[in-house]
Amino acid sequence: MKRSRSRAPSQRQLRVGEELRHVLSEIISRGGLSDPALADANLTVTEVRLSPDLRNATVFVIPLGGAELENKVEALNRASSYFRGQVARAIDLRNSPRLSFAADHSFDEANKIDTLLRNPGVQRDLASVLEQDDPEPEQESGKEDHGA
């Protein structure tokens, strides 16, 4: 039987991913990285997604202020073997996952959606849809109609 590719991550994947996120955040914030692009990097690790076998991890990052995102991601990918070694020392796993770093665009997407929802035309359309969906308010009188 084939498994669906869009399956939700297991509890173990989520737990290990969160532990990896904390460890990688600490390593990056400590500094001391030899790559000049990462020397003064203020990066936030927003999420770590692991493959079901825990052998591959995608690490999503955003720089504070959003500056030079693609350059930072390239530098992180160049240093991925260093990070993998640091993770292996910090977390007790059978195999340390291969790390690949990616830019986290979810905040940009959320901003775009928020901007669209605040558009006056969209507000008008949403209000009209909500009015159509609301049932007629029941008549509130002090007497109940029992069909007498």
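The values are calculated or read from the model by the stated rules, or taken from the named source; none is laboratory data. All values reported here derive from a predicted model rather than from experimental measurement. We place every Cβ from the backbone using ideal geometry, glycine too, and count neighbours over all the protein chains shown. Accessible surface areas use protein heavy atoms only, side chains included; no ligands, DNA or RNA. Shrake-Rupley method; radii C 1.70, N 1.55, O 1.52, S 1.80 Å.
Each residue of region 112-118 is assigned a 3J(HN,Hα), and the resulting list reads 4, 5, 4, 4, 4, 5, 7 Hz, derived from the Karplus form 6.51 cos²θ - 1.76 cosθ + 1.60 (θ = phi - 60°), x at Gly and Pro. For region 50-118, the fraction of alpha-carbon pairs lying more than 15 Å apart is 62 percent, rounded to a whole number. Within the accessible area of region 1-86, the carbon and sulfur atoms contribute 48%, probe 1.4 Å, all protein chains present.
Counting every C-alpha pair in region 59-99, the share spaced more than 10 angstrom apart comes to 72%. Projecting the Cα atoms of Ser81, Ala103, Pro63 onto the charge dipole of region 1-119, computed from C-beta unit charges around the Cα centre, puts Ser81 farthest toward the positive end.
The candidates Asp53, Asp114, arranged from most to least accessible area with a 1.4 Å probe in the full protein assembly, appear as Asp53, Asp114.
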